[in-house]
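To start, the structure under review is shown below, and the notes come after it.
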Amino acid sequence: MLKTTTAFLIFAFKLLLMTTAYSQDLSFSKQLFDTYDTYRESALTHRRFKQIDILPLIDQLKTDSRFEVTTVGESVEKRPIQMIKVGSGPRKVLLWSQMHGDEPSATMAIFDIFNLLRTDGPFEDFKKQLLAETTLYFVPMLNPDGAERYQRRNALDIDLNRDALRLQSPESRILKGLQQSLKPDFGFNLHDQSTRYSAGPTPKQATISFLATAYDQARNINPVRERSMQLIVGMNRVLQQYIPGGVGRFSDEFEPRAFGDNIQKWGTTLILIESGGYPNDPEKQFIRKLNYVAILSGLQAIATDAYKTESRSEYNTIPENERYLFDVLIRNAQIMRGGKPITVDLGINRYEVNVGHAATFGYRSVIDDFGDLSTFFGIEEIDATGLTLAPGKIHPQSLRSLADLKKYKLDSLVQLGVTTFRLATPSRATTHLSPIHLLQPTTTAVRPVQTGRIPTFVLRRGNQLRYVFVNGFWYDVSTGDNKLATGVVE
């Protein structure tokens, strides 16, 4: 009886400690969240920044004796790759972002973190402990050539995250060299993922996804990988406060060419963070904030060893990333085939197209699926029950150039169901800023709606116009709700 009572008391004491620790973690993360605007780096306001935009921010760090800035190598096109070291503690942490040039959410968050570490304020005790217990090594932009073009791959057209074995790229050799020389205890591999991933088979976007990468084909779990799972469990709990149900877990299928899998194999506990989508956050500024909170919460758990109290079994309760989302899902539209109406759903996705040296972008949308999509969801959804899909109107006058669009009141034309102009002479453009669909001189005007086509059409109830779609964006004639965006040249 005494042994049972003693065991129960020990269990209750441990549970109390865990509950207290969890409460403290959530309180700390809430403070980070609530004070974020104080530390947000104001020089970074959109996703499509280039290395030239962050070099002055790195130069500012050189004036602070707590930071050590080192050029650790060069990219293919001889852009410097820099590492920022801060702290002097025994636990080494290597964090790198933008090994894919078009994945910048965490890069922005890293500069927010630098601001917190540099600025006096309510986090002095945390900073003192963090910098005494950890040594942090940040590589904010591993692939500056890719960032210059806002593309995934580097200037050799190599995916750095599939180059951990051959090491054909200088950027890959830099990353492996840092892992081998620093021998960090922990690594944060920071990425962006498609905004169309869902957290399990649900309509929830996977705003943030985690992965404790496998280090072998069997997906075994050793102490190195277990620590990854424990840290992720804690960071997931933190994020659930702000995106309940919006955290996903990447498949842990072993990828022998990837850095995350190999760095875990080489002995560094690896936490992969993927930034997905969040409603009405096209520039990922709220997601940037979530990265800031998650990374700092993870670093606190490392500095205090708090992650050791986490149960790795909770890692598997995070829903896996799934492909259940379209950017737009139109449900129950009628189309005419062979003179007969049939009911279909349309899944539309929007793809960014670089414009102006990748400083800005337009969209080129596509009907990615067609038919019965009742098991899928749309980030935006339209119930087209009772509505018939038909081609939009083509304006009777041809355009000599894109500049001719300025002559027309496009909003008024769209309200009348005019979706399209024809160009009199060919254009090299593929997108443009005006919300209208342009046809090249030789492009067929009217074609049936099907997969692979650009979604430009109207939805009517009888003769009454209800929705006008141009390049996958839409205008609601009855409410005036206008979500039209960039046009397209086909």
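The values are calculated or read from the model by the stated rules, or taken from the named source; none is laboratory data. Model, not experiment: these values are computed from the prediction. Reconstructed Cβ throughout: ideal geometry from the backbone, glycine too, with neighbour counts over all protein chains shown. In case anyone asks, the SASA skips ligands and DNA or RNA and just uses the protein heavy atoms, side chains included. Shrake-Rupley method; radii C 1.70, N 1.55, O 1.52, S 1.80 Å.
Here are a few things to note about the model shown:
- Bridge type composition, the range 336-457 - antiparallel percent by DSSP, nearest 5: 70 percent
- Dimensions (Å) - the range 23-75, Cα atoms, principal axes, largest first: 44, 28, 21
- Of all accessible heavy-atom area on the range 178-308, the percent that carbon and sulfur account for (1.4 Å): 50 percent
- Applying both filters, DSSP loop and at most 16 other Cβ atoms within 10 Å, to the trypsin sites (Lys or Arg not before Pro) of the range 449-490 gives 453, 483.
- Think of it as helices only: each DSSP H run of n ≥ 4 in the chain is worth -39500 (n - 2.57), and spread over all residues that comes to -9000 deg cm²/dmol at 222 nm.
- Radius of gyration over Kirkwood radius for the range 129-237, both on Cα atoms: the Rg/Rh ratio is 0.98.
- For the range 319-468, the Cβ-based charge dipole about the Cα centre amounts to some 960 debye (Lys, Arg positive; Asp, Glu negative; other atoms uncharged).
- Between 0 and 90°, nearest 10: helix 223-239 axis offset from the chain longest Cα axis: 60 degrees
- Rounded to the nearest 10 degrees, the inclination of helix 170-182 to the longest alpha-carbon principal axis of the chain is 20 degrees.
- Farthest positive-ward along the chain dipole, Cα basis, beta-carbon charges - from 151, 214, 49: 151
- Nearest-ten-degree value, helix 105-118 long axis tilted from longest Cα axis of the chain: 40 degrees
- Share, in percent, of DSSP beta bridges within the chain that are antiparallel, nearest 5: 60 percent
- Dimensions of the range 120-179 from C-alpha coordinates, computed as largest minus smallest value along each principal axis and given longest first, are 45, 25, 13 Å.
- Loop-located trypsin sites (Lys or Arg not before Pro) across the range 293-368 with a Cβ neighbour count of 12 or fewer within 10 Å are 323, with loop assigned by DSSP.
- Estimated FRET transfer efficiency when R0 is 22 angstrom, pair residue 30-residue 280 (beta carbons, to 0.05): 0.45
- When +1 charges are put on Lys and Arg Cβ atoms and -1 charges on Asp and Glu Cβ atoms, the dipole computed for the chain relative to its Cα centre reaches about 840 debye.
- Among 474, 399, 379 the positive-end extreme of the charge dipole of the range 343-490 (Cβ point charges): 399
- Per residue, the chain exposes 44 Å² of accessible surface when a 1.4 Å probe is rolled over the protein heavy atoms with every protein chain present.
- Pairwise Cα separations in the chain fall into 20 Å bins from 0 onward with the following percentages, short to long: 21, 47, 26, 5, 0.
- Of the solvent-accessible surface of the range 421-490, computed with a 1.4 Å probe and all protein chains present, 48% belongs to carbon and sulfur.
- Placing R0 at 51 angstrom, the Cβ-Cβ distance between residue 482 and residue 69 gives a FRET efficiency of 0.60 after rounding to 0.05.
- Qualifying trypsin sites (Lys or Arg not before Pro) in the range 35-111, where qualification requires a DSSP coil assignment and no more than 12 other C-beta atoms within 10 Å, comprise 62, 78.
- Scattering profile of the range 279-368 at q = 0.12, 0.13, 0.17, 0.20 Å⁻¹ [log10 I(q)/I(0), Debye over alpha-carbon scatterers]: -0.74, -0.81, -1.00, -1.11
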